[in-house]
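K.L.:
The structure's right below; bear with me while I get my questions together.
The values are calculated or read from the model by the stated rules, or taken from the named source; none is laboratory data. Computed from a predicted structure; not experimentally measured. Heads up, the Cβs are rebuilt from the backbone with ideal geometry, glycines too, and the neighbour counts pull from every protein chain shown.
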Amino acid sequence: MNNSVSKLFPAALLGALALPTSAQDIYLTAAAMVDVKSGRLVENPALLISGNRITEIGTQGDLAMPADAQQVDLGERTLLPGFMDMHVHLSSAGEGVPFLESMLQSIPRRAVNAVNNAEKTLQAGFTSVRNVGAAGYSVIAVRDAIEAGEMLGPRIWATGPSLGVTGGHCDNNFFPPELEYKSKGVADGPWAVREKVRENIKYGANAIKFCATGGVFSRGTKVGAIQYSYEEMKAIVDESHHRGLVVAAHAHGTEGIKTAIRAGVDSIEHASILDDEAIKLAKKHGTYFSMDIYNTEYTQAQGRANGVPEENLKKDAAIADIQRDGFSRAVKAGVNMVFGSDAAIYPHGLNAEQFSRMVQFGMTPAQALQAATVNAAALMKVEDLGQLKAGFLADIVAVEGNPLADITATERVAFVMKDGQVVRQPAD
């Protein structure tokens, strides 16, 4: 590492509450860079960064370093755009907290979880995430603190509480009936769901999520069973789109997937049980699939020790191979795909472990990288993220190795820059 890096970004400034600042332009170099849009490897790249944006890009042979710029040389590493995970739950309990005990955590405690998990996620190279469901607007508060520069974390699209039917996957069915507990996002009927969307937006949501079917980690719901009606889903989507928000539908079952697509949802989360019609509908409507095909391994290996009830372990095991087969068929058919890990089911900071499964089950390394960069940016309708390109935000990671040859290089992140500020640098 060039000694100038440590002068510009002293270690004391890389703590959780202090971000490095400098008026100097940065001239960033490395051995290689992935042009994620074309899937091509560029040798000896050079990027000029001014403020929070990439202003020029070229190679070390043709882009000269300005006299007043500070050089950051990353040696033999490969540059990529910051990764984007479209399905996380930052407020989830940390490792070692039993599953049912995590249900009892207070909203302030969940906000503290989100602070810790946000920094782990950023350090792993994920500079943008979509948080699809959190109690009490806890992640919205963390998002706002990150944007204010008060803590480290990724750029966040936060949905607030997930919308769901009474007794459905997005309700909490673990408490006894005498408590008369109902989750904050529960709403039944087209006008009620419109009101709930408006309420989430009122309190800061910049994305919306609803549960179209049952799920794995809820009590008493059938994974494949549809929950909201078409009329309710359409009301959610229309109300959200009127306000310019992207909508995600949790949907494992085939009928729920197809109904949500017809209702105009932007992305299907999990998409576990696909038939040919569902795949054709997704292609026709341009719907994105966000399929969490890694976390079942963690659930089956560690779930019982973490206190996950047998009902939930059985539901997870029953759909694991079905979901992975559907992933392969959707990729082959050319469905829009984004990276969605469902981090929380497995530990935050290990998000990148899903990349290798995406390749194992049908993607090329370039397609897996596109899912977490250009495709995710397209889903969220942002035009200055997801590529290393002049005019784009300076969200940049560097990995050990060439991810186009070995996708597990994404698990070896050595350098992270978000918004033009270095938040992780190599030890050497």
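K.L.:
Grab the strands (runs of 3 or more DSSP E) fully contained in segment 33-78, keeping just those with 3 or more residues being farther than 20 Å from Glu400 by Cβ and touching a strand residue (DSSP E or B) at 6+ places or on another chain (Cβ under 9 Å). Talk me through it step by step, then tell me what you get.
P.N.:
Details: elements: 40-43, 45-50, 53-59, 70-73.
Filter on segment 33-78 gives 45-50, 53-59.
K.L.:
Please state which one of Tyr181, Tyr203 is modelled with pLDDT under 95, out of contact with any Cys (no Cβ under 9 Å at 6 or more places or on another chain) and surrounded by fewer than 17 Cβ atoms within 10 Å (Cβ to Cβ).
P.N.:
Working: Tyr203 fails: modelled with pLDDT under 95.
Being modelled with pLDDT under 95, out of contact with any Cys (no Cβ under 9 Å at 6 or more places or on another chain) and surrounded by fewer than 17 Cβ atoms within 10 Å (Cβ to Cβ) holds for just one of Tyr181, Tyr203, which is Tyr181.
K.L.:
Which of (1) under 16 Å from Met380 (Cβ atoms); (2) surrounded by fewer than 24 Cβ atoms within 10 Å (Cβ to Cβ); (3) touching a residue at least 40 places away in the same chain (Cβ under 8 Å) does His241 not meet, given it meets every other one?
P.N.:
All conditions are met except number (3).
K.L.:
From the list Val247, Val193, which residue is crowded, with 22+ Cβ neighbours inside 10 Å, within 16 Å of Ala158 (Cβ to Cβ) and either polar (S, T, N, Q) or in contact with a strand residue (DSSP E or B) (Cβ under 8 Å, 6 or more places away or on another chain) (or both)? Even if it seems obvious, please write down each step before you answer.
P.N.:
Working: Val193 fails: within 16 Å of Ala158 (Cβ to Cβ).
Of the residues listed, the single one that is crowded, with 22+ Cβ neighbours inside 10 Å, within 16 Å of Ala158 (Cβ to Cβ) and either polar (S, T, N, Q) or in contact with a strand residue (DSSP E or B) (Cβ under 8 Å, 6 or more places away or on another chain) (or both) is Val247.
Matching residues to (1) under 21 Å from Leu385 (Cα atoms); (2) of a type in the set (Asp, Glu); (3) over 27 Å from the mean Cα position of the chain (by Cα):
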| residue | (1), (2), (3) |
| --- | --- |
| Gln24 | no, no, yes |
| Tyr27 | yes, no, yes |
| Gly51 | yes, no, no |
| Ile54 | yes, no, no |
| Met65 | no, no, yes |
| Asp68 | no, yes, yes |
| Leu74 | no, no, no |
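K.L.:
Could you give every pair whose Cβ atoms fall below 6 Å, whose first residue belongs to segment 294-314 and is assigned by TED's automatic domain parsing to the domain that holds Glu95, and whose second residue is of a type in the set (Gly, Ala, Ser) and in a loop (DSSP other than H, G, I, E, B), counting only separations of at least 6 or pairs across chains?
P.N.:
The qualifying pairs are Leu313/Gly303.
K.L.:
Residues that are among the charged types (D, E, K, R), at least 2 per element: which helices (runs of 4 or more DSSP H) completely within segment 96-150 meet that? Give the derivation first.
P.N.:
Values: elements: 99-102, 107-123, 138-147.
It comes to 107-123, 138-147.
K.L.:
Could you give me the residue pairs with C-beta distances under 6 Å whose first residue belongs to segment 164-191 and is more than 19 Å from Tyr230 (Cα to Cα) and assigned by TED's automatic domain parsing to the domain that holds Ser218, whose second residue is of a type in the set (D, E, K, R) and modelled with pLDDT under 85 wherever it lies, and which are 6+ apart or on separate chains?
P.N.:
Asn173/Arg219; Phe174/Arg219; Ser183/Asp171
K.L.:
In this structure, is Asp276 acidic (Asp, Glu) and touching a strand residue (DSSP E or B) at 6+ places or on another chain (Cβ under 8 Å)? Before you say what the answer is, go through the steps one by one.
P.N.:
On the way: acidic (Asp, Glu): yes; touching a strand residue (DSSP E or B) at 6+ places or on another chain (Cβ under 8 Å): no.
Taking the combined requirement at face value, the residue does not satisfy it.
K.L.:
Among the residues of segment 208-266 satisfying the criterion of being of a type in the set (Gly, Ala, Ser) and in a helix (DSSP H, G or I), which is farthest from the chain's Cα centre (by Cα)?
P.N.:
Quick first cut of segment 208-266, residues of a type in the set (Gly, Ala, Ser) only: 212, 214-215, 218, 220, 224-225, 229, 235, 240, 244, 248-249, 251, 253, 256, 260, 263-264.
If we keep only those that are in a helix (DSSP H, G or I) as well, we get 235, 240, 256, 260.
Numbers: Ala235: 25, Ser240: 20, Gly256: 22, Ala260: 20 Å.
Restricting to residues being of a type in the set (Gly, Ala, Ser) and in a helix (DSSP H, G or I), the top hit is Ala235.
K.L.:
Out of curiosity, is Asp292 charged (D, E, K, R), under 28 Å from Ala205 (Cα atoms), outside any strand (DSSP E or B) and in contact with a Ser or Thr (Cβ under 7 Å, 6 or more places away or on another chain)? Let's see the steps before the verdict.
P.N.:
Numbers: charged (D, E, K, R): yes; under 28 Å from Ala205 (Cα atoms): yes; outside any strand (DSSP E or B): yes; in contact with a Ser or Thr (Cβ under 7 Å, 6 or more places away or on another chain): yes.
Yes; evaluated as a whole, the condition is true for this residue.
K.L.:
Further question: Please work out which one of (1) assigned to a loop (DSSP other than H, G, I, E, B); (2) out of contact with any helix residue (DSSP H, G or I) (no Cβ under 9 Å at 6 or more places or on another chain) is the condition Gly153 fails and give its number.
P.N.:
Single failed check for Gly153: (2).
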